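Right, one structure below, let's go through it.
The values are calculated or read from the model by the stated rules, or taken from the named source; none is laboratory data. Not measured: the values here are computed from a predicted model. Positions of Cβ are backbone-derived with ideal geometry, glycine not excepted, and every protein chain shown enters the neighbour counts.
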Amino acid sequence: MKTVAMVSDITDGGAAIACRRLAGAIKSRGVWTVRWLAGTGDPRTGAEVVSAWPPLFALLRFRLAWRLGGARVRNRAWATLHNAAMAAAVRRQMPSVIHLHNIHHGLSFDLVRRLLRKVPIVWTLHDMETLTGSCFHSGSCRAFTDGCRQKCPSDALLNLSAGPPSKEWSCREAFYRKSRERLVWVAPSQWMYDQARARFADSMRVELIHHGIPSDIFRPCPDRAAVRAALGLGNCSGPVLMAAAHSFSSEFKGADVLIRLMAILAERMPNAVLVILGDWPPEKKPAAGCCVYAGRIVEERLLNLYYNAADLFVHASRFDTAPLVLLEAAAAGLPAVAFAVGGCAEMVQDGKTGFLASEISASALAMAVERFLALAAPAREAMRSACRERVERQFSPAIQAARHEALFEDLVARKQNNARSG
């Protein structure tokens, strides 16, 4: 049986969840074996973890740097050791394909280049960091299509651990030029696909494969009143709004927008409640409006109950590639309002599964909220049904897994053909 090795430097957040779900979907089909490389995996997939000790020289060099160096030297030494362990794991049990996800915290481009000599690689774009000179999000800047020579704008989100953007871009471009035959990019949204095409034109292969949402877990509950009572929201007499993120500490997640939104709604509908899921900075608590802070919800069935308790999902992020929370909410039959940024404009179909705000502001988001709440009950129910139907049709884990497997098979076949002709 062919093997795909999943690699992700992080085990929480949207990218890690998407990676874990894909691994589980592929494993359940029984065609490909799924393994994690160098202990980076999530045990909840049930996949085998393949790890290995790095060479003795790498261990000795790491111990010396850790003892004598400062924080920057230690971080670099840890990254070097991590890469050595990853390379040793590949040598120990060679997979048919390697599938990279977020690797911002250690895996080097030099190691990826060396791995490509042995194994084809599929790389999923969860943000723009690998397309640019190290910006997770380029904001209004389009310089990533031609060298990143301009000064980064204020609305860009930079990877501060990387070097100068133009230098990073040039190094990556040199690597990409040599990797065209055995490296394939996967974009989880049409918007990200368009960014990748703008970056690479026709020089590299890019595939559009949407995230899969487990609709057996995220699904509508028949009795919303009972769900609210179970979650301690039974006394809410007005509309219940919901916002969710892994963490709202980044300004891109829109905590400040939610604060202003609730201040606006407090004047127009005093009984409105905003349920906030995720880590919320204490210093950013709204001065007006009624908010319920539920914290970070890890258990997915409990998260589904919160989706079912709400009337509307509010996504205030200033940037998102393909936000899982919007798709999870839709699977539970929960319409959403959001800004028309990144993949949000694709995840929310304006007027069908929710509404998109006309601009990035709290007042525009408030208008979108009021637009939904003004709908008659039959129109709201129709929108709820449209949310669920779209997820089942377009964001199925089985479809996602099958498309990835077809991509893996194609890369393996190309490698074998090249070996015969070479």
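Inside segment 116-144, can you point out the residues that are within 17 Å of the chain's Cα centre (by Cα), aromatic (Phe, Trp, Tyr) and over 17 Å from Glu251 (Cβ atoms)?
Of everything in segment 116-144, just one residue is within 17 Å of the chain's Cα centre (by Cα), aromatic (Phe, Trp, Tyr) and over 17 Å from Glu251 (Cβ atoms), namely Trp123.
Name the pairs: first residue in segment 247-259 and surrounded by 15 or more Cβ atoms within 10 Å (Cβ to Cβ), second residue β-branched (Val, Ile, Thr) and assigned to a loop (DSSP other than H, G, I, E, B), Cβ to Cβ under 8 Å, at least 6 apart or on different chains?
Sorted first by the residue in segment 247-259, then by its partner, the pairs are Val257/Ile360.
The rows are residues; the columns are (1) basic (Lys, Arg); (2) crowded, with 16+ Cβ neighbours inside 10 Å; (3) under 27 Å from Gly14 (Cβ atoms); (4) modelled with pLDDT of 95 or more.
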residue: Gly342; (1), (2), (3), (4): no, yes, yes, no
residue: Val348; (1), (2), (3), (4): no, yes, yes, yes
residue: Lys352; (1), (2), (3), (4): yes, no, yes, yes
residue: Ala357; (1), (2), (3), (4): no, yes, yes, yes
residue: Ala362; (1), (2), (3), (4): no, yes, yes, yes
residue: Phe372; (1), (2), (3), (4): no, yes, yes, yes
residue: Ala376; (1), (2), (3), (4): no, no, no, yes
residue: Met383; (1), (2), (3), (4): no, yes, yes, yes
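Checking the condition at pLDDT below 95, out of contact with any Phe, Trp or Tyr (no Cβ under 7 Å at 6 or more places or on another chain), surrounded by fewer than 17 Cβ atoms within 10 Å (Cβ to Cβ) and at negative phi, which residue from Asp194, Asp202 passes?
Asp202
Provide a single number: the residues in segment 114-153 that are touching a helix residue (DSSP H, G or I) at 6+ places or on another chain (Cβ under 8 Å) and either hydroxyl-bearing (Ser, Thr, Tyr) or surrounded by fewer than 16 Cβ atoms within 10 Å (Cβ to Cβ) (or both).
Going through segment 114-153 one residue at a time, the tally reaches 12.
Looking at segment 267-275, is at least one residue in contact with a strand residue (DSSP E or B) (Cβ under 7 Å, 6 or more places away or on another chain), closer than 20 Å to Val240 by Cβ and part of a loop (DSSP other than H, G, I, E, B)?
Scanning segment 267-275, I find at least one residue that is in contact with a strand residue (DSSP E or B) (Cβ under 7 Å, 6 or more places away or on another chain), closer than 20 Å to Val240 by Cβ and part of a loop (DSSP other than H, G, I, E, B), so the answer is yes.
Being closer than 25 Å to Glu207 by Cβ, in a loop (DSSP other than H, G, I, E, B) and modelled with pLDDT under 80 is the requirement here; does His104 meet it?
yes
Hey, Leu327 hits all of (1) out of contact with any Phe, Trp or Tyr (no Cβ under 6 Å at 6 or more places or on another chain); (2) crowded, with 18+ Cβ neighbours inside 10 Å; (3) within 30 Å of Val31 (Cα to Cα) but one; which does it fall short on?
It fails just one condition, (1).
Suppose we filter segment 299-328 for residues that are polar (S, T, N, Q) and not in a loop (DSSP other than H, G, I, E, B); how many remain?
Going through segment 299-328 one residue at a time, the tally reaches 2.
So is Ser250 out of contact with any Leu (no Cβ under 9 Å at 6 or more places or on another chain) and either more than 23 Å from Val348 (Cα to Cα) or not aliphatic (A, V, I, L, M) (or both) or not?
Against the criterion (out of contact with any Leu (no Cβ under 9 Å at 6 or more places or on another chain) and either more than 23 Å from Val348 (Cα to Cα) or not aliphatic (A, V, I, L, M) (or both)), Ser250 does not qualify.
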